[in-house]
1. What does the charge count around THR107 come to, taking other residues whose C-beta lies under 15 Å from its C-beta (Lys +1, Arg +1, Asp -1, Glu -1)?
2. Under the rule of at least 5 residues apart or a separate chain, name every residue whose amide H is placed under 5 Å from the amide H of HIS32.
3. Net charge near LYS47, counting Lys/Arg +1 and Asp/Glu -1 over other residues with Cβ under 15 Å of its Cβ?
4. Can you tally the net charge around ALA11? Count Lys and Arg as +1, Asp and Glu as -1, for every other residue whose Cβ sits under 15 Å from the Cβ of ALA11.
5. Compute the angle between helix 105-114 and the longest alpha-carbon principal axis of the chain, please, reported from 0 to 90 degrees and rounded to the nearest 10.
6. Got the relative contact order for the chain handy, in percent, Cα pairs under 8 Å and 6 or more residues apart?
7. As a quick test, which of the pairs LYS110/LYS134; LYS47/LYS89; LYS5/LYS83; LYS30/LYS113; LYS30/LYS130 have an alpha carbon distance above 26 angstrom in this structure?
8. Quick one: grab Rg to one decimal and Dmax as a whole number for the chain, Cα atoms only, in Å.
Amino acid sequence: MFESKLYILVAYPYFNQEIFDILKGQPKDKYHLIVDSGAFTAWNTGKTILLDEYCKFLDSIECLQPFKSIQLDVFGDPEQSWKNYQIMKNRGYDTMPVFTRGESTETLEKMYKETDYIMFGGVVIGAGNKGYVKWFCENNKGRHCHWLGFV
């Protein structure tokens with residue numbers, strides 16, 4: 001059966017009062033909200049997003065539940081990214097891990113033991129990443145994922 005909900009992904013750095021008001025005014029059964037940590041935006045602009053600040057923000061939009069959040073990933077530091085995922089999960093957030101370029105298939109399997117849906121990062125500029133995307137698709141075995149920033 002086809003589910004007619006709108007899937008909305010909003011990055012934390014761009015989540016403003018106008019977006020909050022629009023979502024709050026909609027019936028919750030009409031959309032699925034995914035909140036992205038905005039790690040790429042932060043990295044690209046030289047800004048820092050702190051885990052506690054991101055979690056505080058998620059707490060501030062609790063009335064928009066249910067929603068999923070994307071872990072606060074750290075560019076170039078998969079170990080810290082995984083720690084952030086574990087911290088967020090332990091704090092009770094419905095969070096999705098980010099698998100990024102350079103991580104192993106063992107890491108991919110570890111993520112799918114934790115959740116049934118992951119985010120696939122490190123592919124922002126698509127044309128130069130076709131081989132990597134192909135590798136990921138072959139190793140992902142048809143499981144649920146979202147490609148972050150793939151154009």
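1. -1
2. LEU6, TYR7, ILE8
3. Summing Lys/Arg as +1 and Asp/Glu as -1 gives -3.
4. Charge balance in the 15 Å sphere: -2.
5. 30 degrees
6. So the answer I get is 16 percent.
7. As for pairs spanning more than 26 Å Cα to Cα, those are LYS5/LYS83; LYS30/LYS113; LYS30/LYS130.
8. 15.5, 44
The values are calculated or read from the model by the stated rules, or taken from the named source; none is laboratory data. Bear in mind the structure is a predicted one, so any value in this text is a computation, not a measurement. Here the Cβ is made from the backbone with ideal geometry for all residues, glycine too, and neighbour counts use every protein chain on show. Please note that ligands, DNA and RNA were not included when accessible areas were found on the heavy atoms of the full protein model with its side chains. Shrake-Rupley method; radii C 1.70, N 1.55, O 1.52, S 1.80 Å.
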